[in-house]
Amino acid sequence: MERWSGKIALVTGASAGIGAAITQELAKAGVKVFGLARRVEKIEELKKKAGNVKGEIIPLKGDVAKEEEILAAFKVIKEKFGKIHILVNNAGIGRVALLSGEL
């Protein structure tokens with residue numbers, strides 16, 4: 001993990017579960033991590049809980065189902081750091097549908 005120290009990451013779905021765990025571990029390894037989620041307050045709590053880490057957790061509000069929110073998040077990252085070295089697409093979009101029109 002040391003090779004990633006000082007790099008910039010974006011983790012989607014960073015507010016809970018696997019996304020939160022990945023965000024924490026990357027920050028501990030010295031990565032500046034943008035945690036993207038609909039519930040940005042959860043990422044802010046995660047940042048407080050992580051305490052002093054080698055890297056940084058930067059909360060970003062965004063819903064991967066809304067293109068304008070994704071574009072806005074990338075704009076913030078570009079303005080702050082210029083690029084992303086690591087992308088973890090942890091969030092997904094759930095759709096409930098039948099495979100056929102019959103039940």
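The values are calculated or read from the model by the stated rules, or taken from the named source; none is laboratory data. Treat the numbers as computed from the prediction; the structure is a model and nothing was measured. The accessibility values were calculated without ligands, DNA or RNA, using every heavy atom of the protein model including side chains. Shrake-Rupley method; radii C 1.70, N 1.55, O 1.52, S 1.80 Å.
Assorted remarks:
- Per residue solvent-accessible surface (Å²) - the chain, probe of 1.4 Å: 67
- Of 7/78; 32/78; 7/42; 7/75; 7/47; 32/80, those spanning more than 21 Å from alpha-carbon to alpha-carbon: 7/42
- Amide H contacts under 5 Å for residue 57, placed H, 5+ residues apart: 33
- Here the chain has 52 percent of its accessible surface on carbon and sulfur atoms, given a 1.4 Å probe and all protein chains in place.
- Compactness of the chain, taken as the C-alpha radius of gyration over 2.2 N^0.38 Å, stands at 1.18.
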